[in-house]
Amino acid sequence: MVDDGIVWWLWAVLGLGLAALELSTPGGFYLLFFGIGALAVALLTAARVIEATLPQILWFSILSIGASLLFRRRLVELLTPKTAPGPMDSLLDETAIALDDMEPGTFGKVELRGTAWSARNDGAARVARGQRCVVKHVDGLSLWITLP
C-alpha cells in the first residue's frame with residue numbers, strides 16, 4: 001500500500017487557521033510559527049517534494065519549532081514599543097495636610113490632592129493633625145513628610 005500523505009490543501013487550511021487563531025490571541029507569537037510551518041509543508045506537498053504522511057509531519061515539526069526558536073524573540077522585540085514613559089507627575093515638594101498626629105519617625109495619614117496617603121514624619125518636629133507639611137520623599141505608596 002502506498003502512503004499518499006495528507007493533501008496539500010489540508011496543510012494550507014491548518015496553516016491559515018493557526019495564523020488566524022494567532023490574531024485572536026494576545027501577542028504570544030507561538031501559533032503564528034506553526035501556521036507558517038503548515039503553509040510551508042502545504043507548498044512542499046503541492047510541489048510533490050514530500051508526499052508521505054510521516055515526512056510531512058516531521059517537516060511541519062522541524063519548520064515550526066525551528067522558526068519559533070530562531071525568529072520569535074526578534075519578532076517580539078521588534079513589535080514591543082521602545083518609547084520611554086512620559087514624565088512622571090512628581091509629588092515632591094507638594095503640600096499635604098496631616099490627618100493624624102505624627103511624632104518624628106512615626107507613620108500616619110496625610111491628605112494630598114484629595115486622597116489619603118500613608119505618610120512617615122521624617123522631620124525632627126511633631127506634626128499635628130490639620131497642620132501643613134511638605135513631601136520630601138516618595139517610597140512606593142508612602143510619603144515622607146516634614147514641616148515646611
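The values are calculated or read from the model by the stated rules, or taken from the named source; none is laboratory data. Given the structure is predicted, the values throughout are model-derived calculations rather than measurements. When we count neighbours, we look across all protein chains shown, and the Cβ atoms used for this are built from the backbone with ideal geometry, even at glycine.
Below is a table of values for the structure above.
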| read-out | value |
| --- | --- |
| Sole exception among (1) part of a strand (DSSP E or B); (2) at pLDDT 95 or above for His137, by number | (2) |
| Residue in the range 28-50 that is of a type in the set (A, V, I, L, M), loosely packed, with under 13 Cβ neighbours inside 10 Å and not in a loop (DSSP other than H, G, I, E, B) present | no |
| Index of the failed condition, Arg113 passing every other in (1) more than 24 Å from the chain's Cα centre (by Cα); (2) exposed (fewer than 13 other Cβ atoms within 10 Å of the Cβ); (3) assigned by TED's automatic domain parsing to the domain that holds Glu22 | (3) |
| Residue that is farthest from Asp4 (Cα to Cα), among those in the range 20-61 that are touching a helix residue (DSSP H, G or I) at 6+ places or on another chain (Cβ under 8 Å) and among the β-branched types (Val, Ile, Thr) | Thr25 |
| Complete set of residues in the range 124-138 that are over 15 Å from Thr106 (Cβ atoms) and either of a type in the set (Asp, Glu) or loosely packed, with under 13 Cβ neighbours inside 10 Å (or both) | Gly130 |
| Single unsatisfied condition, Leu70 versus (1) in contact (Cβ under 8 Å) with a residue 40 or more places away in the chain; (2) within 30 Å of Tyr30 (Cα to Cα) | (1) |
| Members of the range 6-27 found to be surrounded by 13 or more Cβ atoms within 10 Å (Cβ to Cβ) and closer than 23 Å to Arg74 by Cβ, listed by number | Gly15, Leu18, Ala19, Leu21, Glu22 |
| Search result, residues across the range 1-41 that are among the small types (Gly, Ala, Ser) and farther than 16 Å from Ala67 by Cα | Gly5, Ala12, Gly17, Ala20, Ser24, Gly27 |
| Cβ pairs under 9 Å, 6+ apart, first in the range 115-126 and free of Cβ contacts under 8 Å to residues at least 60 places away in the same chain and part of a strand (DSSP E or B), second basic (Lys, Arg) and surrounded by fewer than 19 Cβ atoms within 10 Å (Cβ to Cβ) | Ala116/Lys109; Trp117/Lys109; Ser118/Lys109; Ala119/Lys109 |
